[in-house]
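Report on the structure given below.
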């Protein structure tokens, strides 16, 4: 699910982000390989079982993947955004049958959040 999602990501005119922040569930070899091929920094912690497996293999286990703890602290902003998004019952339950209607609701939710942000700027 991660790779098809990344294929559709677009930030302004750019088609790839500088970094991807993810939780331990996205720490698979395939995801890290995809990000490496596309020169995207992976800010994904390594799960303990993967660490243990790598260490058990000794020298052939390779070195641990790069991890920037400072960038990872900013991930809570994303999580809060998803929580705000799920305040809309239709989005949380995925009630819409058509993907285009669901996406329109997500965009509308983003516009409402942006307008609230603009209204609170001093």
Would you check if there is a residue in the stretch 43-52 being in the same structural domain as residue 28 (by TED's automatic domain parsing), at pLDDT 85 or above and under 21 Å from residue 9 (Cα atoms)?
yes
Unmet criterion (only one of (1) assigned by TED's automatic domain parsing to the domain that holds residue 110; (2) surrounded by 11 or more Cβ atoms within 10 Å (Cβ to Cβ)) for residue 89
(2)
Tell me the helices (runs of 4 or more DSSP H) entirely within the stretch 1-105 that contain at least 1 residues that are within 30 Å of residue 116 (Cα to Cα) and without any contact (Cβ under 8 Å) to a residue 12 or more places away in the chain.
2-7, 69-72, 75-85, 89-93
Among the residues of the stretch 9-40, the number that are at pLDDT below 85 and either surrounded by 13 or more Cβ atoms within 10 Å (Cβ to Cβ) or within 21 Å of residue 82 (Cβ to Cβ) (or both) is 4
Candidate set from the stretch 102-122 (those that are surrounded by 12 or more Cβ atoms within 10 Å (Cβ to Cβ) and out of contact with any helix residue (DSSP H, G or I) (no Cβ under 7 Å at 6 or more places or on another chain)); member that is farthest from residue 8 (Cα to Cα):
112
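The values are calculated or read from the model by the stated rules, or taken from the named source; none is laboratory data. Just so it is clear, the structure is predicted and the values come from calculations on it, not from any experiment. Every residue, glycine as well, gets a Cβ built from its backbone with ideal geometry; the counts of neighbours run over all protein chains shown.
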